[in-house]
Amino acid sequence: MRVELQVIGAALRSIADEMGAVLIRSAFSANIKERRDCSTALFDLRGRMIAQAEHIPVHLGAMPDAVAAVQAHDPRPDEAWILNDPFAGGTHLPDITLVTRTGVGFAVTRAHHADVGAAEPGSLPAESHRLDEEGVVIPPTRLDEEVLDALVARMRNPDERRGDLRAQLAAHSLAATRLDELCARRGQSRVESAMDELYAYSERRVRAAISRFPDGRFEGADTVEAADGSELVLTIAGDELELDFAGTAPQHDGNLNCPLAVTRSACYFVVRCLADPDTPASGGAFAPVRVLAPEGSLLNARSPAAVAAGNVETSSRIVDVVFAAFGQAVPVPAQGQGTMNNLTLGNDRFTYYETVGGGQGACPDADGPSAVHVAMSNTLSTPTEALELAYPLRVERHELRLGSGGAGAHRGGDGVVRELRVLEPCRLSLVGERRTRGPQGASGGEPGRPGRNLLNGEELPAKVTRSLGPGDVVRVETPGGGGYGRVRNGH
């Protein structure tokens, strides 16, 4: 069975990967097709995640809540279910999740759609206060053609939205076919037994890794701009750990709030990085981890709180806080850019969304990489050719922000300069962090430079919405990562 377990496990991971390939290659929008802002996974009949493609961290750790929300409706094998409600299994509204039953469990796709009908094009407004200001809220709903048509009619560029949703459905069709083929080859009972063992195997590996950490109580704290931040108490005991955010600020009047699923996702990401990064990616890896946050707080907000920036920005700060707490027990890198630098441009004719990479923090034994998407984001940059072909935009500049990484025995990675010229009237939304305080160094390393937003050379706030005219130039300078260790001999 040991050899067969490896064979079946590899087959399940391959199916999740192939789902992602189908979704990306079939998608209409640049955000999914070019940036790959989407995720795919397979679950067993109990709703446990068994295999996932290596896509977006903030999506994957939150997917079990979506499956649980659909399971409550007792879905049939021939049904597809859709949702994006952050308080019923979602993360933020642009992330639309589809769930289907398979012969041995569930297939799940989650993709960030370039618009879901908010007042601002792109559906990532900088100044929303309630969830319904951020777009169409979809509770778990059985998806058919009538529902699909009704949903996309409430969103900009309905043909593009329909195309992206059908790309997700194509990935689900592929999953059903491949799982049926696997069961025909190996036997359904053996596939289900292998799923059980894969889940248990990941749990055993992570428990073993946690048991090698020193037991104790460790604290971390940080803030997000425009809101009080989060305070964490990390407790490690034997082969389990607890992350308690009891000291976190109350939920915010703006959109920096997180549903608890996003908070869990950020915590799971750090645990996986530090405990056993090579563990097969299943839900068993997170079984030894308990995440607590007070209801009604920034990290466990109540409906109808706005959450658009919580998923992308506050999640990044949670990662920083959890790494800071772990840093008192084990070596961790200096802080990375700590933001996704969300840039949205659009009008009634087009919507464009991207996140911009920056500097990663240096490690104890290496410089930090430059111009990468850090922590909870794992997307690509939109190629200039694809962007200019599809949108009334021109890339004026896309280069390293040299010298923005913090100095140290090992330097932090450099950020990015991204400059776009708009060619027709549109609306701009920028949602970023680390504009007033740069990512911090570690063990005496210097901080990275904070980021900047500019419009036609004039400084903009970290979070802002503006009207633009033809010829206006938006410039985003992203933060550099923190350095590690004190500079020696002037180097």
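Structural remarks
- Between Asp239 and Leu402, the contour length at 0.36 nm per residue exceeds the Cα-Cα span by 54.4 nm.
- Region 390-421 versus region 197-220: alpha-carbon centroid distance in Å: 37
- Å² of accessible area per residue within the chain, as computed with a 1.4 Å probe and no ligands counted: 37
- Normalised contact order of the chain, rounded percent, pairs of Cα under 8 Å and 6 or more residues apart: 14
- Note on Val7 and Thr384: the model spin-label points, each 7 Å out from Cα along the C-beta direction, lie 5.0 nm apart.
- The listed peptides 458-465, 367-374, 309-316, ordered by packing as a protection proxy, come out as 309-316, 367-374, 458-465 (highest mean of other Cβ atoms within 10 Å first).
- Helix-only arithmetic for the chain: the sum of -39500 (n - 2.57) across DSSP H runs with n ≥ 4, divided by the residue total, places the mean residue ellipticity at 222 nm at -9000 deg cm²/dmol.
- Built amide H within the under 5 Å cut-off of Val291, gap 5+: Leu243
- Nitroxide proxy distance, nm - points 7 Å out along Cα→Cβ at Arg46 and Leu423: 5.5
- Neighbour-limited loop hits for chymotrypsin sites (Phe, Trp or Tyr not before Pro), region 53-147 (at most 16 other Cβ within 10 Å; DSSP other than H, G, I, E, B): none
- Label sites at Glu197 and Leu292, each approximated as a point 7 angstrom past Cα along Cα to Cβ, lie 3.7 nm apart.
- Share of pairwise Cα separations in region 77-208, more than 24 Å, in percent: 41
- FRET efficiency for Asp365 and Ser189, using Cβ-Cβ distance with R0 set to 35 Å, rounded to 0.05: 0.15
- Using the Cβ-Cβ distance between Arg394 and Ser173 with R0 set to 56 Å, the FRET efficiency from 1/(1 + (r/R0)^6) comes to roughly 0.90.
- Segments 158-166, 348-356 sorted - mean Cβ within 10 Å per residue, highest first: 348-356, 158-166
- If R0 is taken as 35 Å, the Cβ-Cβ distance between Val464 and Arg76 corresponds to a FRET efficiency of 0.15.
- Our summary of shape: the Cα atoms of the chain have principal axis extents of 62, 55, 40 Å, ordered from largest down, in whole angstrom.
- Protection proxy ranking, peptides 212-219, 199-206, average beta carbon neighbours within 10 Å, highest first: 199-206, 212-219
- Surface share of carbon and sulfur [accessible, 1.4 angstrom probe, percent] for the chain: 48
- Relative contact order (%) - region 18-107, alpha-carbon pairs under 8 angstrom, separation at least six: 24
- Between Arg166 and Val473, the contour length at 0.36 nm per residue exceeds the alpha carbon distance by 107.1 nm.
The values are calculated or read from the model by the stated rules, or taken from the named source; none is laboratory data. None of these values were measured; they are calculated from a predicted model. Positions of Cβ are generated from backbone atoms using ideal geometry, with glycine treated the same way; all protein chains shown enter the neighbour counts. Quick note on the areas: whole protein, heavy atoms, side chains included, nothing else; ligands and nucleic acids left out. Shrake-Rupley method; radii C 1.70, N 1.55, O 1.52, S 1.80 Å.
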